[in-house]
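The values are calculated or read from the model by the stated rules, or taken from the named source; none is laboratory data. For clarity, every value in this text was computed on a predicted model and none was experimentally measured. Every residue, glycine as well, gets a Cβ built from its backbone with ideal geometry; the counts of neighbours run over all protein chains shown. The area values use the complete protein model at the heavy-atom level, side chains included, leaving out ligands, DNA and RNA. Shrake-Rupley method; radii C 1.70, N 1.55, O 1.52, S 1.80 Å.
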Amino acid sequence: MSVLNLPDCPTGCDTGLPAVDFDICAPELHYGEIEKIYIAAADADDFTNVEDLAEWTTRLSESAVVTGNEIRALTVIGELPEPEQTEQTISGDRTAVGFKQFTVNFEVDETNDINYNWLLTLECNVKFKFWFETADGLLYGGNEGILATIRVNQVIPRERTELAKFIGTAKWKSRFSPLRCLSPNA
């Protein structure tokens, strides 16, 4: 099920159509909600194989800092809406399409002191490498992860019956959608 290869884009007008697959009796469907975000330092090592559970196990940690390659797992409620993308009309009635601006929106509802200190550190304005996982077990980011700017703010609601939350975004630009595979952590 891995989709870990970027397409070879055509260089001219003579191109074939890519394959598609639809099943009338048993369609393959995927459901929404990002439920995990994994964050590492921007210069953390890439995965050799992002689908290898053993490789994840050696790097996932809530607090250890041993090699600088540690990954923090956040339990979130999130989404990836349609990316913004510019189009510009050029000569010959053609269209030039720019890079996509992706934004993952997420909420963290565990607002303890350790997580609050994590929020404060994110305010230092540095980039991170991250991956995200959907509730149905798809992992996005490939071996290299996604280099993104992550912003998180605390929101305290007016009502005492509502939860205070950390509301965040992860933003990046890319020509292509992020690579995906089945998550070994699911």
### Query
Using a Gaussian network model of the chain with C-alpha springs under 10 Å, which one of GLU33, GLU51, GLU87 is most mobile by mean-square fluctuation?
GLU87
### Task
Report the trypsin sites (Lys or Arg not before Pro) located in region 80-186 that are in a DSSP loop and have at most 10 other Cβ atoms inside 10 Å of their Cβ, or state none.
ARG158, ARG160
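Carbon and sulfur: what percent of the chain's accessible surface (1.4 Å probe)?
Numbers: 6400 of 12620 Å².
Percent of accessible area from carbon and sulfur atoms in the chain: 51.
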### Solvent-accessible area per residue, Å², over the chain with all protein chains present [probe radius 1.4 Å]
68 Å²
### Summary
Residues meeting the amide H criterion for ASP136 (H placed from the backbone, H to H distance under 5 Å, 5 or more places apart or on another chain) are TYR31
#### Entry: Rg and Dmax of region 125-186, Cα atoms only, in Å
14.9, 44
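Per 0.36 nm of contour for each residue apart, how much would the distance between GLU123 and THR15 grow if the chain were fully extended, relative to their Cα-Cα spacing? Spell out each step's value before the answer.
On the way: separation 108, 0.36 × 108 = 38.88 nm, distance 4.64 nm.
The span from GLU123 to THR15 would gain 34.2 nm if fully extended.
Given that compact globular proteins tend to follow 2.2 N^0.38 Å, what is the ratio of the alpha-carbon Rg of the chain to that value?
Numbers: Rg = 19.0 Å, N = 186, 2.2 N^0.38 = 16.0 Å.
Dividing the Cα Rg of the chain by 2.2 N^0.38 Å gives 1.18.
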### Query
Does anyone have the angle between helix 113-122 and the longest principal axis of the chain? Alpha-carbon axes, 0 to 90°, nearest 10?
50 degrees
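Would you please name the chymotrypsin sites (Phe, Trp or Tyr not before Pro) within region 5-49 that are DSSP coil residues with at most 15 other C-beta atoms within 10 Å of their C-beta? Numbers along the way, then the final one.
Values: sites: PHE22, TYR31, TYR38, PHE47; in loops: PHE22, TYR31, PHE47.
Those that pass, being in a loop and sparsely packed, are PHE22, TYR31.
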### Message
I want to check a number: in the chain, how many lysine pairs have alpha carbons closer than 21 Å, given a sequence separation of 8 or more or different chains?
### Response
13
### Separation between Cα centres of region 76-108 and region 1-70, rounded to whole Å
19 Å
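Taking R0 as 30 Å, what FRET efficiency do you get between SER63 and GLN101 from their Cβ-Cβ distance, rounded to the nearest 0.05? Before the final figure, lay out the partial values.
Details: r = 33 Å, r/R0 = 1.10.
In this case the efficiency is close to 0.35.
Kindly provide the helix-only [θ] at 222 nm of the chain, computed as the sum of -39,500 (n - 2.57) over DSSP H runs of four or more divided by all residues, to the nearest 500 deg cm²/dmol? Don't jump to the answer; show the numbers that get you there.
Values: 2 runs with 17 residues, N = 186.
Dividing the helical sum by the residues of the chain leaves -2500 deg cm²/dmol.
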### Query
Does anything in region 162-186 have its amide N under 20 Å from the 7 Å Cα→Cβ label point of ILE90, and if so which residues?
174-177
### Task
Treat each spin label as a single point 7 Å out from the Cα along the C-beta direction, and report the ASP23 to ASP8 distance in nm.
2.8 nm
